[in-house]
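Worksheet: one structure, shown below.
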Amino acid sequence: MRSPAPAPHSCPTRSTALRREIMSSSLSFLMEAHDGLSARIVEEAGFRGIWASGLTTSAALGLRDSNEASWTQVLDQLEYMADATSLPILVDGDTGHGNFNNVRRFVRKLGERSLAGVCIEDKLFPKTNSFIGEGQALADIEEFCGRIKAGKDSQVNDDFVLVARVEALIAGLGMAEALRRAEAYHRAGADAILIHSKRADAGEILAFARAWGNRAPLVIVPTMYYATPTPVYREAGISTVIWANHLLRSAIVAMRETAAQIAEDESLIRVEGRVASVQEVFRLVGNAELEQAERRYLPARPSAAAVVIAASGGDLGVLTADRPKCMVDIRGRPLLGSLVNTLRESGVRDITVVRGYRKEAVRIDGVRMVDNDRHAETGELWSLACARDAIRGETVIAYGDVLFRRHILDGLLASEADIALAVDSLGAAPRTATTPRDLVAADRRFSGSYLDDAPAHLRRIAPDIASAELCGEWMGLLRVSARGAGWLREELAAMDAEGLIETADLPMLLTRLAARHPVRVLYFAGHWLDVDTLGDLAEARNLG
Ligand code: SPV
Ligand code: MG
């Protein structure tokens with residue numbers, strides 16, 4: 001969306017760009033938009049200008065194209081569009097919302113909000129859409145010329161474009177009247193003429209263009225004569241074609257289909273793959289820019305540390321003969337490199353890796369290495385204990401063979417819990433697993449609702465949890481706060497005293513912690529994997 005440094009309000013450049021499009025000898029196209037999001041979509045499609053349609057802006061508000069929205073309400077919608085895109089916008093100004101005086105104020109306000117131009121039509125306020133009824137009353141020619149002059153005298157930059165729209169053909173007044181009006185509007189100072197027709201063929205538009213010659217640029221709206229091939233407009237010397245309402249009309253079809261499907265299924269399962277992802281919505285509205293701005297303007301919170309346990313060998317055949325599993329290549333980068341990268345993207349800076357098997361092969365720039373030289377006869381808890389000094393403040397702890405999307409880590413980091421585990425709620429589904437899984441029993445299952453953020457707490461993690469109790473699968477990823485880090489070190493000391501520390505695993509540690517302290521379960525759905533088999537490796541290369 002808009003860059004962090006907004007353009008000055010009375011920015012002439014968009015008007016200059018629109019003027020260039022309308023004045024150029026090659027055919028230009030303006031695509032309809034009706035709000036900020038559709039304006040953004042028009043820009044991404046590669047158009048060079050936007051038509052802010054009165055019909056679709058009204059309809060998107062649930063209103064008729066009869067000036068039911070006040071002009072200031074329209075202005076607010078237009079401002080969202082201008083903010084969402086850098087394209088020039090030609091505003092459908094209807095009649096100008098009244099007489100010359102209303103036009104003056106409207107045009108001034110448009111310029112102040114970076115709208116590039118306006119089109120006003122020679123009808124009477126309140127207007128009616130051109131495709132409704134017959135014989136609509138038109139404005140007196142002299143009175144309308146006054147509106148045009150008032151508009152031109154009120155523009156806040158020199159390149160602002162005023163298009164005068166001739167409705168004589170729509171009103172059934174014939175070609176001579178259309179030409180008479182166009183000539184008068186041109187003389188009154190209009191920069192271009194929009195000649196409108198509701199016929200199913202372009203006959204009268206082409207006849208008008210022939211008779212008009214090149215007195216001023218011609219703009220057309222082929223909504224009704226849509227079957228006319230575009231080269232015909234080029235040959236006729238048309239300046240600009242407006243595709244006037246097709247984003248709103250396509251949205252209506254898509255929204256209706258989606259609503260009907262969900263109503264019928266009482267489920268989202270059949271629509272999910274057909275609608276834009278939530279991530280895509282975030283992208284379209286420019287969340288990445290906000291993240292950058294947050295890094296720039298929000299006070300930096302002390303960054304979390306991470307301990308990655310990567311001491312075991314792994315059994316990926318020849319691939320793990322000379323290196324541990326965490327150093328196996330995933331699309332040109334070791335698995336551990338991807339994991340470290342995800343950690344860094346989320347602001348985790350101080351990263352410690354516990355290595356053991358083929359430790360000389362474990363090298364990642366800027367990462368502290370701690371060695372578990374007894375990896376062959378000890379388990380993961382011993383590896384964690386090797387790095388216990390690194391678990392002081394907020395710390396992420398991860399297995400070295402997991403990959404996950406960043407939003408999972410961000411969710412853990414945003415949690416206020418002292419110990420939070422990332423749990424895949426889909427892990428509760430039966431799966432033919434060849435390797436043991438870290439299954440989770442908690443005090444509450446994920447409800448399946450997008451809005452479900454009520455807390456859930458761990459009861460235990462084990463490879464064999466009965467389906468009645470099963471809530472998901474632990475992803476091998478957790479976060480502790482400074483207080484949680486203290487609890488964790490205490491528990492390590494207790495297990496050491498009990499003689500368990502050399503052989504125990506992380507699920508055992510977490511289950512013991514859950515008996516003494518709240519251990520929060522954060523539910524996610526997929527978007528991660530641990531690499532235990534060659535099949536997982538193939539999947540990891542896709543997720544990579
Ligand atoms: C609009 O898009 O609002 C227009 C074009 O004014 S038309 O609907 O054809 O009148
Ligand atoms: Mg309109």
Neighbourhood net charge (12 Å Cβ-Cβ; Lys/Arg +1, Asp/Glu -1) for residue 174: 0
Net charge contributed by nearby residues that have their C-beta within less than 14 Å of residue 345 (K/R +1, D/E -1): +3
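Give me the orientation-averaged projected area of the Cα convex hull of the stretch 60-166, in nm², one decimal. Display every interim value, and only then the final one.
On the way: hull surface 26.8 nm².
Computed as one quarter of the Cα hull surface, the answer is 6.7 nm².
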Hits among aspartates and glutamates - C-alpha to C-alpha of residue 109 under 20 Å, sequence gap 8 or more where chains match: 35, 68, 76, 79, 83, 92, 94, 121, 153, 158, 159, 191
Degrees separating the helix 141-154 axis from the principal Cα axis of the chain, which is the longest one: 50 degrees
Cβ crowding within 10 Å averaged over residues, with 199-205, 129-135, 502-508 ranked highest first: 502-508, 199-205, 129-135
Cα extents of the stretch 278-543 along the three principal axes, largest first (Å): 51, 42, 40
Kirkwood Rh and Cα Rg combined as Rg over Rh, evaluated for the chain: 1.17
Cα long-axis angle, helix 482-497 against the chain (0 to 90 degrees, to the nearest 10): 20 degrees
Cα centroid of the stretch 121-136 to Cα centroid of the stretch 357-420, whole Å: 70 Å
Angle in degrees between helix 71-84 and the longest Cα principal axis of the chain, rounded to the nearest 10: 50 degrees
Signed unit charges on C-beta, dipole axis of the chain, positive-most listed residue 292, 232, 176: 176
Bridge type composition, the chain - antiparallel percent by DSSP, nearest 5: 35 percent
Dipole-positive endmost among 192, 324, 80 within the chain (Cβ charges, Cα centre): 192
Alpha-carbon centroids, the stretch 441-519 and the stretch 261-287: separation in whole Å: 32 Å
Ordering of 256-266, 86-96, 375-385, 63-73 by packing [mean C-beta count within 10 Å, highest first]: 86-96, 375-385, 63-73, 256-266
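What net charge do the residues around residue 262 carry, taking every other residue with its C-beta under 14 Å from that of residue 262, with Lys and Arg at +1 and Asp and Glu at -1?
-2
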Residue 160 - accessible surface, heavy atoms, 1.4 Å probe, Å² rounded to 10: 0 Å²
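Average the reciprocal distances over every distinct pair of alpha-carbons in the stretch 110-171, invert the result, and give the Kirkwood radius in Å.
12.8 Å
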Accessible area (Å², 1.4 Å probe, nearest 10) - residue 123: 0 Å²
Partners for residue 359 among lysines (Cα-Cα distance below 19 Å; same-chain residues under 8 apart left out): 325
Selection from 413, 132, 486 lying farthest towards where the dipole of the chain points positive, charges on Cβ: 132
Inverse mean reciprocal Cα-Cα distance (Kirkwood Rh) of the stretch 17-244, Å: 17.2 Å
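The values are calculated or read from the model by the stated rules, or taken from the named source; none is laboratory data. Since the model is a prediction, treat every value here as computed from it, not as a measurement. For neighbour counting, all protein chains shown are included, and Cβ atoms are generated from backbone atoms with ideal geometry for every residue, glycine included. Ligands, DNA and RNA are excluded from the accessible area calculation, which covers all protein heavy atoms including side chains. Shrake-Rupley method; radii C 1.70, N 1.55, O 1.52, S 1.80 Å.
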